[in-house]
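J.: There's a structure below that I have some questions on.
The values are calculated or read from the model by the stated rules, or taken from the named source; none is laboratory data. Because the structure is a prediction, the values reported are computed rather than measured. For neighbour counting, all protein chains shown are included, and Cβ atoms are generated from backbone atoms with ideal geometry for every residue, glycine included.
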Amino acid sequence: MLFELVSPRMSAYLPFMRFSQDTSGGNSIQAYRQGEIIINGKRINCSVVITPDEIIEWAPQNFDAIASEHIDQLADYQPEIVILGTGERQQFPASHITAGLLVQGIGVEIMNTDAACRTFNVLLSEDRRVVAAMILE
């Protein structure tokens, strides 16, 4: 199961990094902790691609499994910027892995998943065409 709904009462007891609620619409990230992310009240505990309109399970489940074909698929969403959340700590993939996006003029920002969640929300609130690919390990 990609996600499950989280009740407001239940989520009050979970030790998540909470983010402010964005009212601009789209897939706003509400909370994150290692291994779980809450988007619009849905708990997700697998790697995920988040667009303003979609939440899609993402194949690589850890940083070492990321390959250029995983990153290249993100261009299908026509983003101006891709945020790559690399898990608990920031890790940089080999340059050939992100080269396909860069050649197309798509910006790529790489950060730990906690920072990637906050950055996604900020860019979404600015009506930017952003796609986030998050490793939740």
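J.: I'd like the residue in the stretch 96-107 that is in a helix (DSSP H, G or I) and hydrophobic (A, V, I, L, M, F, W, C) and, out of all such residues, is surrounded by the most Cβ atoms within 10 Å (Cβ to Cβ). Write out each step before concluding.
T.: The first filter runs over the stretch 96-107 and keeps only residues in a helix (DSSP H, G or I), leaving 96-103.
Imposing the further condition that a residue be hydrophobic (A, V, I, L, M, F, W, C) reduces the set to 97, 99, 101-103.
Working: Ile97: 18, Ala99: 14, Leu101: 21, Leu102: 13, Val103: 9.
Top of the filtered list is Leu101.
J.: Going by what's in this entry, would Ala75 be described as among the hydrophobic types (A, V, I, L, M, F, W, C), closer than 19 Å to Gln30 by Cα, modelled with pLDDT of 95 or more and within 15 Å of the chain's Cα centre (by Cα)? Full working, then the answer.
T.: On the way: among the hydrophobic types (A, V, I, L, M, F, W, C): yes; closer than 19 Å to Gln30 by Cα: no; modelled with pLDDT of 95 or more: yes; within 15 Å of the chain's Cα centre (by Cα): yes.
Criteria not met by Ala75.
J.: For the stretch 90-135: of the residues being acidic (Asp, Glu) and touching a strand residue (DSSP E or B) at 6+ places or on another chain (Cβ under 7 Å), which is nearest to Tyr32 (Cα to Cα)? Before you say what the answer is, go through the steps one by one.
T.: Let us first name the residues in the stretch 90-135 that are acidic (Asp, Glu), namely 109, 114, 126-127.
Then drop every residue that is not touching a strand residue (DSSP E or B) at 6+ places or on another chain (Cβ under 7 Å), which leaves 109, 114.
On the way: Glu109: 19, Asp114: 7 Å.
Per the stated criteria, the residue is Asp114.
J.: Here is a follow-up. Looking only at the stretch 42-55, which residues are surrounded by 15 or more Cβ atoms within 10 Å (Cβ to Cβ) and free of Cβ contacts under 8 Å to residues at least 60 places away in the same chain?
T.: Step one: list which residues in the stretch 42-55 are surrounded by 15 or more Cβ atoms within 10 Å (Cβ to Cβ), which gives 42-44, 46-52, 55.
Within the stretch 42-55, Lys42, Arg43, Ile55 qualify.
J.: Just to check your reading of the model, which residue among Pro93, Pro60, Pro52, Pro79 is out of contact with any Leu (no Cβ under 9 Å at 6 or more places or on another chain) and in a loop (DSSP other than H, G, I, E, B)?
T.: Numbers: Pro93 fails: out of contact with any Leu (no Cβ under 9 Å at 6 or more places or on another chain); Pro52 fails: out of contact with any Leu (no Cβ under 9 Å at 6 or more places or on another chain); Pro79 fails: out of contact with any Leu (no Cβ under 9 Å at 6 or more places or on another chain).
Residue meeting the stated conditions: Pro60.
J.: What do you reckon, is Ile110 in contact (Cβ under 8 Å) with a residue 40 or more places away in the chain and β-branched (Val, Ile, Thr)?
T.: Values: in contact (Cβ under 8 Å) with a residue 40 or more places away in the chain: no; β-branched (Val, Ile, Thr): yes.
Answer is no for this residue.
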